[in-house]
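S.K.: One structure, as structure tokens, below. Some questions next.
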Amino acid sequence: MPDQYTPQKSDKFTFGLWTVGNAGRDPFGDPVRPVMDPLHAVRKLGELGAYGVNFHDNDLVPFDATPQERDRIVREFKQAVADAGLVVPMATTNLFTHPIFRDGAFTASDASVRAFALQKTMRAIDLGVECGATTYVFWGGREGTETDAYRSPVDAVKYFREAMNFLCEYVRNQGYDLRFAIEPKPNEPRGDIYLPTVGHALAFIATLDHPEMVGLNPEFAHETMAGLNFVHAVGQAIEAGKLFHIDLNDQVPGRYDQDFRFGSENPKRAFLLVKLLEDSGFDGPRHYDAKAYRTEDEEGVWAFARGCMRSYLIFREKAQQFNQDPEIQGIISELRAQDTSYEGPSASEGYSSESAQALRDQQFDIGALSARGRRYEELDQLVMELLLGVR
């Protein structure tokens with residue numbers, strides 16, 4: 001029966017064809033589920049209340065499809081999307097599966113491979129725009145090395161920049177309403193991947209010819225697998241105006257890329273992420289780049305998809321409760337009043353020689369400031385009680 005955690009189109013939950021369509025293959029085992037027809041996936045996602053569906057080019061159109069096959073597949077897919085009441089907000093290119101990309105795509109040492117990667121991406125961009133996408137994601141799964149004995153990372157970054165500048169100009173020349181989002185990841189499938197974190201990607205974007213066209217698609221698992229705080233990474237992207245898209249899933253730190261159901265391993269971190277997204281007013285899709293456990297059949301896949309969406313809605317409700325809880329907000333109000341009581345010179349007013357001198361002359365009660373407690377233990381316990389359902 002529907003309840004307050006049943007997703008609506010307005011919640012903007014999206015899934016990739018590669019997520020619900022994952023067949024459960026891993027490095028040690030064969031697939032446990034049959035290949036899913038994209039049209040079937042679209043219909044089921046529409047029934048579950050999803051907002052949209054996303055795809056890599058070859059999730060939809062096989063690598064070796066003829067132009068006639070490509071046109072038929074796209075026509076049928078677009079009709080199925082419309083019939084299901086879905087949209088295609090984002091698309092991307094598979095630059096990692098085919099053996100040609102064994103040493104990278106945009107950063108491959110072989111110039112002919114780099115050129116082919118651009119050709120494939122231009123065609124995939126055309127496909128994405130044809131299906132309605134307005135965001136295009138770049139995950140460089142093979143953009144890295146196992147050894148740095150041959151290719152210099154200086155050259156690799158240069159190659160990557162050349163590719164992004166070229167593709168930005170292609171989009172501008174075609175008149176597409178499309179922006180790019182880089183998806184950082186520290187490792188896997190390559191031993192080390194270029195642009196491993198949000199911070200690396202932000203620095204790289206600033207060097208592009210059209211940085212206004214390029215933002216970020218951070219993924220929960222990617223920063224988490226390196227032991228980093230994903231909420232902080234997303235906060236930096238928001239502050240920079242570069243959160244163009246986001247991938248939600250879950251992950252145990254220090255493991256391979258697990259892509260677990262959202263909220264299944266780190267509920268407190270997931271709650272804080274949802275709170276950040278909701279409080280910031282982020283209005284983009286909440287995209288699930290995750291997959292069902294290998295133990296599951298197709299029914300388990302749809303249980304996984306429902307669970308991802310329900311968990312977000314539960315965390316969103318908890319975030320609203322946090323913002324309305326009298327005890328929590330009372331502590332926050334007291335801390336903020338204390339933290340904003342200082343009326344002396346500071347960096348907030350900007351620099352001048354006068355303000356610098358005033359700050360040098362300012363007297364601080366070091367003892368009192370050092371002894372002041374922060375009450376974070378209380379706040380964190382209240383968060384836990386909220387999540388555990390006793391508040």
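Values in this text are rule-based calculations from the coordinates and carry no lab data. Not measured: the values here are computed from a predicted model. We place every Cβ from the backbone using ideal geometry, glycine too, and count neighbours over all the protein chains shown.
S.K.: Using only the Cα atoms of the chain, each taken as one equal point scatterer with no solvent, compute I(q) by the Debye sum, divide by I(0), and report log10 of the ratio at q = 0.08, 0.15 Å⁻¹.
M.R.: Rounded to two decimals, the profile gives -0.49, -1.42.
S.K.: Between residue 297 and residue 72, what is the spin-label point distance in nm, taking each point 7 Å from the Cα along the Cα→C-beta axis?
M.R.: Distance between the two pseudo-spin positions: 3.1 nm.
S.K.: Using just the C-alpha positions of the range 177-262 as equal point scatterers, what log10 of I(q)/I(0) does the Debye formula give at each q in 0.23 1/Å?
M.R.: -1.10
S.K.: Now, a different point. Please report how far the C-alpha centroid of the range 286-345 lies from that of the range 1-46, rounded to the nearest whole angstrom.
M.R.: 23
S.K.: Based on the Cα gyration tensor of the range 1-89, what are the three equivalent ellipsoid semi-axes, each the root of five times an eigenvalue, rounded to whole Å and given largest first?
M.R.: Over the Cα atoms of the range 1-89, the ellipsoid semi-axes are 24, 19, 10 Å.
S.K.: Still on this model: Regarding the range 326-387, what's the average projected area of the Cα-atom convex hull, expressed in nm²?
M.R.: 5.7
S.K.: If you don't mind, there's one more thing I want to ask. Find the percent of Cα-Cα distances in the range 254-341 that exceed 19 Å, and round it to a whole number.
M.R.: Tail of the P(r) past 19 Å holds 52 percent of the pairs.
S.K.: Using a Gaussian network model of the chain whose springs link C-alpha atoms within less than 10 Å, name the residue from 23, 133, 115 with the highest mean-square fluctuation.
M.R.: The residue that fluctuates most here is 115.
S.K.: Based on alpha-carbon atoms only, what is the radius of gyration of the range 77-230 relative to the globular estimate 2.2 N^0.38 Å?
M.R.: 1.05
S.K.: With springs only between Cα atoms under 10 Å apart, run a GNM on the chain and tell me which of 148, 250, 365 wobbles the most.
M.R.: Maximum among the listed residues: 365.
S.K.: What residue among 352, 382, 330 has its Cα farthest toward the positive end of the dipole of the range 326-387, where the charges are +1 on Lys, Arg and -1 on Asp, Glu, each on the Cβ?
M.R.: 352
S.K.: For the range 235-391, taking Cα atoms only, what is the radius of gyration to one decimal and the Dmax to the nearest whole Å?
M.R.: For the range 235-391, the Cα-based Rg and Dmax read 21.2, 70 Å.
S.K.: Where nothing but the Cβ of Lys and Arg (+1) and of Asp and Glu (-1) is charged, how large is the charge dipole of the range 326-387 around its Cα centre, in debye to the nearest 20?
M.R.: Value, rounded to 20: 140 debye.
S.K.: Separate question: What nm distance separates the two modelled labels at residue 332 and residue 372, each placed 7 Å from Cα along Cα→Cβ?
M.R.: About 1.9 nm separates the two model spin labels.
S.K.: Continuing with the same structure: So for the chain, taking the charge dipole from beta-carbon charges (+1 Lys/Arg, -1 Asp/Glu), which of 51, 249, 184 sits furthest toward the positive end?
M.R.: 51
S.K.: Alpha carbon centre of the range 76-116 versus the range 347-366: separation in Å?
M.R.: A separation of 53 Å, based on Cα centres.
S.K.: Over 23 Å between Cα atoms: which of 120/242; 291/318; 268/291 fall into that group?
M.R.: Going by Cα-Cα distance, 120/242; 291/318 fall outside the 23 Å limit.
S.K.: Restricting to DSSP H runs of at least four residues, report the calculated mean residue ellipticity at 222 nm for the chain, -39500 (n - 2.57) per run over all residues, nearest 500 deg cm²/dmol.
M.R.: Taken over the chain, the calculation gives -14500 deg cm²/dmol.
S.K.: I need 56, 210 ordered by Cβ neighbour count within 10 Å, fewest first.
M.R.: Neighbour counts put them in this order, fewest first: 210, 56.
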